[in-house]
Amino acid sequence: MSAAPDLFSKFDPLIAQRQALLDTGVKDPFSLVMEKVLSPTRAICNGRETILLGTYNYMGMTFDPEVIAAGKKALEEFGSGTTGSRVLNGTYQGHKECEQALRDFYAMDHAMVFSTGYQANLGVIATLAGKGDYVVLDIDSHASIYDGCAMGNAEIVPFRHNDVSALEKRLARIPAEAGKLVVLEGVYSMLGDVAPLKEMVAVSKTAGAMVLVDEAHSMGFIGPNGRGVAEDQGVLDDVDFVIGTFSKSVGTVGGVCVSNHPKFEILRLVCRPYVFTASLPPSVVATAATSIRKLMHGKSKRDHLWANSKRLHAGLKALGFTLGTETPQSAIIAVIMPDLEKGAAMWEALLSEGLYVNLARPPATPANMTLLRCSLCAEHSDEEVGEILAMFERAGRAVGIIG
Ligand SMILES: Cc1ncc(COP(=O)(O)O)c(C=O)c1O
């Protein structure tokens with residue numbers, strides 16, 4: 001009888017790749033520790049004060065005094081956790097208030113809060129699209145979208161990134177009588193580009209499909225009321241489900257699905273990632289509700305974040321860096337690196353300067369790219385954006401990315 005294989009052997013290529021990278025002498029870019037967090041834009045890393053440019057804390061709500069006070073009050077009055085599912089002992093007044101804040105924020109009939117955005121996608125997609133149904137999705141979709149498709153066992157039909165006619169062609173090949181869900185994202189987090197939702201939603205509706213839009217990277221920031229790209233492009237009323245996360249603009253943790261579908265509430269009984277997990281702690285839903293209500297009046301923060309994004313994009317381009325988008329489309333600016341080694345060296349050079357960005361590499365990135373992903377915050381000051389550009393210039397010259 002032959003010996004059973006070590007179940008870890010499938011990771012050998014990744015282990016070797018990681019070791020080869022560390023052997024070049026760079027720090028491990030995936031195990032940085034925030035030793036102390038000073039504000040939404042600054043932390044102590046490796047004993048040094050560092051500007052944060054890779055946190056997705058777009059609206060800078062994490063240190064908002066009212067948000068913190070709401071969390072502390074709930075912690076004291078309701079305890080540290082619910083120890084239960086939403087359908088048993090885990091629905092507190094705070095969960096209902098958070099869902100009401102979300103209904104008000106989106107002006108929609110239903111809001112269902114999940115413990116993470118990952119679970120929101122997993123649960124809603126897997127529960128709606130089952131065996132025999134079709135999920136048509138952008139090939140660059142987030143892992144939680146793919147995992148939702150796998151869990152529901154639906155047929156997955158990917159189409160080329162942001163390509164409206166590819167979506168139309170895929171939809172045309174699906175049997176007319178089959179259940180169809182088109183899954184799109186407002187902002188794609190790797191390159192920071194925005195989807196042509198207006199055209200995509202129109203094509204999907206003509207084909208009789210339901211549409212889900214994940215607005216994780218646009219919630220709170222994009223659109224006149226911060227409802228996302230669907231609002232910005234005037235198609236929110238035609239979208240069946242919007243997925244959002246509390247881990248970015250809202251500044252805490254959690255996920256949501258909002259909808260106007262009249263039968264939406266049944267999901268609370270049949271959606272496994274909602275039913276079979278503990279609900280969010282009272283302090284978390286209290287901070288989320290307070291933050292969401294403040295984001296309804298966040299126009300000046302949104303304006304400042306756009307100004308930051310435009311300035312960083314123009315400044316990096318002028319320095320000679322290759323960027324993920326021709327123009328700034330969101331608060332994410334991706335700087336394309338020639339390869340993983342150079343990307344890791346640049347990441348470390350920036351950290352030594354006192355700047356933290358995200359290093360992203362395949363398979364998470366499209367087209368095998370290595371990216372330094374920058375995400376701006378409404379709390380970055382004009383001076384900080386200037387410092388960031390100076391740090392990119394020095395590090396880029398030292399590593400040989402720019403001349
Ligand atoms: C597009 C997208 N959807 C969903 C998620 C999951 O959000 P959460 O962090 O709340 O699990 C993310 C997070 O990275 C994301 O980028």
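As an equivalent ellipsoid, the chain spans semi-axes of 33, 27, 23 angstrom, where each value is the square root of five times an eigenvalue of the C-alpha gyration tensor, largest first. Distance between the 7 Å Cα→Cβ label points at Asn153 and Thr83: 3.6 nm. Applying a DSSP loop filter and a limit of 14 other Cβ atoms within 10 Å to the trypsin sites (Lys or Arg not before Pro) in segment 119-190 leaves Lys131, Arg160. Can you list residues whose amide H is under 5 Å from Gly54's amide H, if they're 5+ apart or on another chain and H is modeled 1.01 Å from N? The list, which skips near neighbours in sequence, is Ser375.
Percent antiparallel among DSSP beta bridges with both residues in the chain, to the nearest 5? Approximately 60 percent, going by the DSSP bridge assignments. Here r is the Cβ-Cβ distance between Arg272 and Ala367 and R0 is 41 Å; the resulting FRET efficiency, rounded to 0.05, is 0.75.
Here the Karplus curve 6.51 cos²θ - 1.76 cosθ + 1.60, taken at θ = phi - 60°, turns the phi angles of segment 367-382 into couplings of 6, 6, 7, 9, 10, 9, 9, 9, 10, 7, 10, 5, 8, 5, 7, 4 Hz, with x standing for Gly and Pro. FRET efficiency for the Glu76 to Leu389 pair, using the beta carbon distance and R₀ = 45 Å, is estimated at 0.55. Using the average count of surrounding beta-carbon atoms within 10 Å as a protection proxy, the listed peptides 256-264, 367-375, 51-59 rank, highest first, as 51-59, 367-375, 256-264.
Tell me, which longest segment in the chain has none of the GluC sites (Glu not before Pro) that fall in DSSP loops with at most 10 further Cβ atoms within 10 Å?
Details: sites that count: Glu177, Glu326.
Segment 1-176 is the longest.
Please give the per residue volume of the convex hull enclosing the alpha carbon atoms of segment 127-246, rounded to a whole number of Å³.
Details: hull volume 11.0 nm³, N = 120.
Here the figure is 92 Å³ per residue.
In the chain, the calculated helix contribution to ellipticity at 222 nm averages -12500 deg cm²/dmol per residue, counting -39,500 (n - 2.57) for every DSSP H run with n ≥ 4. Under 5 Å between amide hydrogens, built in the peptide plane, is the criterion, and for Leu355 it picks out Ile51 among residues at least 5 positions away or on other chains.
Checked against a 29 Å cut-off, the cross-linked pairs Lys73/Lys301; Lys169/Lys342; Lys205/Lys263; Lys169/Lys301; Lys10/Lys342 give Cα-Cα distances beyond that limit for Lys169/Lys342; Lys169/Lys301.
Using R₀ = 45 Å, calculate the FRET efficiency as 1/(1 + (r/R₀)^6) where r is the Cβ-Cβ separation of Asp104 and Lys169; round to 0.05. So the FRET efficiency works out to roughly 0.70. Straightening the chain between Ser381 and Glu341 buys 11.3 nm, computed as 0.36 nm per residue apart minus the Cα-Cα spacing. Distances between placed amide hydrogens fall under 5 Å for Leu323 paired with Ile336, all partners being 5 or more residues away or on another chain.
Here segment 3-26 is scanned for amide nitrogen atoms under 16 Å from the site 7 Å beyond the Cα of Ser352 along Cα-to-Cβ, giving 22-26. Taking the centroid of alpha carbons for each part, segment 24-47 and segment 73-135 are 32 Å apart. Across segment 256-370, Cα pairs under 8 Å and at least six residues apart give a relative contact order of 13 percent. Computed from backbone phi, the HN-Hα couplings of segment 244-252 come to x, 10, 8, 8, 10, 4, 6, x, 9 Hz, rounded to whole numbers (Karplus: 6.51 cos²θ - 1.76 cosθ + 1.60, θ = phi - 60°; Gly and Pro given as x). Between Asn260 and Leu22, the simple spin-label model (points 7 angstrom out along Cα→Cβ) gives 5.4 nm.
For the chain, the solvent-accessible area works out to 43 Å² per residue, with a probe of 1.4 Å and every protein chain left in place. Protein heavy-atom surface of segment 160-318, 1.4 angstrom probe: 56% of the accessible area is carbon and sulfur, with nucleic acids and ligands not counted.
Å³ per residue of the Cα convex hull, for segment 292-338? Please report the intermediate quantities before stating the final value.
Working: hull volume 3.3 nm³, N = 47.
It is 71 Å³ per residue.
Look at where the Cα atoms of segment 214-235 and of segment 351-380 average out, and the two centres are 22 Å apart. At the residue level, Asp382 shows approximately 90 square angstrom of accessible surface with a 1.4 angstrom probe and all protein chains present.
At q = 0.13, 0.16, 0.21 Å⁻¹ the log10 of I(q)/I(0) for segment 62-178 amounts to -0.72, -0.92, -1.19, computed by Debye summation with a single uniform scatterer per C-alpha, solvent ignored. Each residue of segment 335-344 is assigned a 3J(HN,Hα), and the resulting list reads 9, 7, 9, x, 7, 5, 4, 5, x, 5 Hz, derived from the Karplus form 6.51 cos²θ - 1.76 cosθ + 1.60 (θ = phi - 60°), x at Gly and Pro.
The values are calculated or read from the model by the stated rules, or taken from the named source; none is laboratory data. Source: prediction; values computed, not measured. No Cβ is skipped: glycine too gets one built from the backbone with ideal geometry, and neighbour counts run over all protein chains shown. Protein only, heavy atoms only, side chains kept; ligands, DNA and RNA dropped before computing areas. Shrake-Rupley method; radii C 1.70, N 1.55, O 1.52, S 1.80 Å.
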